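Some notes on the structure that comes next.
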Amino acid sequence: MTRDDLARTLRGAYTVWYRDVLSLVRDKARLGSSLFMSVIFLVGIGFGLGGVIGKVGATSGVGAGTAGVPYVQFVFPAMLVMTALFAAMQSTLSIVWDREFGFMRKILVAPISRTSVALGKVAGGVTVATIQVAIMMLAMPLIGFGFHPLTYLWMLLLVILFSAVMTALGILIAARQKSTQAFQMINMFVMMPITLLTLGSFLPSFGKGVLATVFKAVSQINPASYAVDALRQISLGSRLPLAMSIHSAIIDSLILLVLFVVFAAPGVLLFNKQD
Amino acid sequence: MPTIEVRDLTRRFGEATAVDAVSFDVAPGEIFGFLGPNGAGKSTTINMLCTLLKPTSGTGSINGFDIADQQDDVRRSIGLIFQDPTLDERLTGWQNLQFHGLLYNVPQKVFERRATELLDMVELTEKVHRGVKTFSGGMKRRLEIVMGLLHHPKVLFLDEPTIGLDPQTRLRIWEYVTKVRDAEGLTVFLTTHYMDEAEVCDRIGIIDQGRIVACDSPDALKTGVGGDIVTLKTADDAAALAALTSGGFNAKSTGAGLELETERGDEAIPHLVRLLDAADDCRVKSASVQRPTLDDVFVRLTGREIREQEASDLDAMRSMHAHHGGGR
């Protein structure tokens, strides 16, 4: 690829990205409903369920020695991941919508490469997800996280990485889907389990028994569980009971990076395939 | 050199052959139309020419660029107006245009001049800053025309451009297209199943079941079907019939008047009137000429009619579809 090609690919990607972001900014209903969902999460689960659960890690044997973490703080990283997950899903759904309503044809007959389109879509999904998460993070000082700009920056970088993984996965699924119905079918089999598994990380413990073991094992293949794990460690630091983290944040990030490549590479290739 | 050159272009989907060894040329500045029923292979052909679909075999070139090997150059040379809207409903008209300008890398200065000029032509200047959501079907189509022409394409493709639009809007859209053709030497390729739309074309390819069954100017196609039908009403039809027969015309009585087939009906009428005036009691009360329509041409060539009913059902589905799309 020459320098010229690269410049053209990036310009094309920028164009696709620009439209996605512009659309989001103008789509007040979508922004509003995503904020509403965040508030429901925070109040309903964070404080509601938090009132029942109390502190996480203080009384259980594994967390002995630490003061424990308020449930709302424990669950907040999972809420951020959930928000990013939904935003990324929405963005990839827009590819199929665009195709169904002819808009994608317009992009595909324009003199920009398919790679540009795929990259622009990933960038668009990431931006939209990150903006929504960033808005949610404004609540962090209010729920006792204090104000640590560097921590917040790390968290945002992780959210960017995670939403890139999910958007890439979405594009891989959407690349060859002709109809919204077909996409939603496949989406159900991929996104529903991921959503449910991510909901699992709202709980401080799965308890014991066969089911818990199965759930834990399955969580290993859920990209979101690595994002939650890393975000928890970054946001709570040493206050997080040791036994409640799976890997170090670095390992989590590396796994996410690998997943991104695993999803993005075939996604872009499939997108480039012409009928 | 023709602007569009197509040789034995073929596309199969599995067992079915959608486009079957189609060949034709379109000269610079020509308006060329594909006329045929739904499923005849019109859209498949357009999709191949626009680089959206790979040909199974055969070749095509646009503006001198090969549709398989020089896709980027082909894409830069063409503008498209599809049957389905390609607007982002969440953006304003102007933002849609800006997006288009970015896609085609139109320099900002050129963009502003061209967009202003085209918006002026389609009379959308005042409304372009509103959300596309609020646009009527006709306004959307006019905005699409602006987009199709924004990057100074050599060829404009129109895939059923006026489907679901009212006759007045259809007429206006054709005014715009022919205006730009005359001013800039634009070559136009369109598909349609509307006969009146096909009349605008310089040449028509009639396509049925993936094959071109005839390709000529609308007038030549109609002449090929047969002559004009001249209908006469006279003071005494029986006497007039006798006079015409002895005058060498092969006329017949339809009960409501006399009918005869002749090559140029408009030129035949003065002769007929003079002939009948010379005879007794056969004064001509009225005369009319009916040229064969493209409908007649299609029926003659394929043995079937282009079923308008089927088409309008599809239109209705389409507009419902578009309506749902507006709510996303």
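The values are calculated or read from the model by the stated rules, or taken from the named source; none is laboratory data. What you see is a predicted model; the values in this text were computed from it and never measured. With ideal geometry, Cβ positions are generated from the backbone for all residues, glycine too; neighbour counts draw on all protein chains shown. Side chains are part of the model used for accessible areas, which takes the heavy atoms of the whole protein and leaves out ligands, DNA and RNA. Shrake-Rupley method; radii C 1.70, N 1.55, O 1.52, S 1.80 Å.
Please tell me the relative contact order of chain B in percent, rounded to the nearest whole number, where contacts are Cα pairs under 8 Å and at least six residues apart.
About 19 percent, as a whole number.
Any idea how many Lys pairs in chain A come in under 24 angstrom at the alpha carbon, given 8 or more places apart or on separate chains?
10
Can you give me the angle between helix A:71-100 and the longest principal axis of chain A, using Cα atoms only, in degrees from 0 to 90, rounded to the nearest 10?
For A:71-100 against chain A, the angle is about 20 degrees.
So with the 1.4 Å probe, I'd like the accessible area per residue for region B:49-185, rounded to whole Å².
With all protein chains present, region B:49-185 gives 40 Å² per residue.
Could you rank B:I229, A:I246, B:I173 by how accessible they are, 1.4 Å probe, largest area first?
On the way: B:I229 50, A:I246 90, B:I173 5 Å².
These residues rank, largest area first, as A:I246, B:I229, B:I173.
For chain B, build the convex hull from the C-alpha positions and give me its volume per residue in Å³.
It is 170 Å³ per residue.
Would you work out the relative contact order for region A:3-273, in percent, from Cα pairs under 8 angstrom that are 6 or more residues apart?
Relative contact order here is 26 percent.
So for chain B, if I pair up every lysine 8 or more residues apart or on another chain, how many of those pairs have alpha-carbons under 30 Å apart?
Counting lysine pairs in chain B gives 28.
Taking the Cα centre of region A:3-273 as origin and charging only Cβ (+1 Lys, Arg; -1 Asp, Glu), how large is the dipole, in debye to the nearest 20?
Dipole about the Cα centre, nearest 20: 520 debye.
Among B:F249, B:I269, B:G58, whose Cα projects farthest towards the positive end of the dipole of chain B, with charges put on the beta-carbon of Lys, Arg (+1) and Asp, Glu (-1)?
In chain B, that residue is B:G58.
I want to check the label-to-label distance for A:V261 and B:D69. Put each point 7 Å from Cα in the C-beta direction and report it in nm to one decimal.
Roughly 3.6 nm, to one decimal.
Please compute, for peptide B:232-244, the average count of beta-carbon atoms on other protein chains lying within 10 Å of each residue's beta-carbon. Before the final figure, lay out each step's value.
Values: counts 0, 0, 0, 0, 0, 0, 0, 0, 0, 0, 0, 0, 0.
Going residue by residue through B:232-244 and averaging, the value is 0.
Quote to one decimal, in nm, the extra length available between B:E261 and B:K233 on full extension: 0.36 nm per residue of separation minus the C-alpha distance between them.
Additional length available on full extension: 8.6 nm.
Express the carbon and sulfur contribution to the solvent-accessible surface of region A:3-273 as a percent, rounded to the nearest whole number, probe 1.4 angstrom.
Of all accessible area on region A:3-273, carbon and sulfur atoms account for 75 percent.
Any idea how far apart A:F147 and A:L35 come out in nm if each label point goes 7 Å out from Cα toward Cβ?
2.1 nm
Okay, helix-only estimate at 222 nm for chain A: each DSSP H run of n ≥ 4 adds -39500 (n - 2.57), divide by all residues, round to 500 deg cm²/dmol; what do you get?
Helix-only estimate at 222 nm: -24000 deg cm²/dmol.
Hey, any idea what % of chain B's accessible area is carbon plus sulfur with a 1.4 Å probe?
49 percent
Could you tell me which of A:V214, A:V190, A:V75 has its Cα farthest along the dipole of chain A towards the positive end, charges placed at Cβ (Lys, Arg +1; Asp, Glu -1), taken about the Cα centre?
A:V190
What is the mean number of Cβ atoms from other protein chains located within 10 Å of the Cβ atom of each residue in peptide A:88-101, rounded to a whole number?
On the way: counts 0, 0, 0, 0, 0, 1, 1, 0, 0, 2, 2, 0, 5, 12.
Taking all residues of A:88-101 together, the mean is 2.
In Å², and per residue, what accessible area does chain A have when probed at 1.4 Å with the other protein chains present?
Values: 12190 Å² over 275 residues.
Per-residue accessible area for chain A comes out at 44 Å².
Determine the relative contact order of region B:63-148: mean sequence separation of Cα pairs under 8 Å and six or more apart, normalised by residue count, in whole percent.
Values: 65 pairs, mean separation 34.0, N = 86.
Worked out over region B:63-148, it gives 40 percent.
What average number of partner chain Cβ atoms lie no more than 10 Å from the Cβ of the residues making up B:69-76? Walk me through the intermediate numbers first.
Values: counts 0, 0, 4, 5, 1, 2, 5, 2.
If you average over the peptide's residues, the count of other-chain Cβ atoms is 2.
Accessible area lost on pairing A with B, both sides, 1.4 Å probe, Å² to nearest 100?
Buried surface at the A/B interface: approximately 3200 Å².
Cα-based Rg of chain A per 2.2 N^0.38 Å, rounded to two decimals?
On the way: Rg = 19.6 Å, N = 275, 2.2 N^0.38 = 18.6 Å.
The reported ratio for this selection is 1.05.
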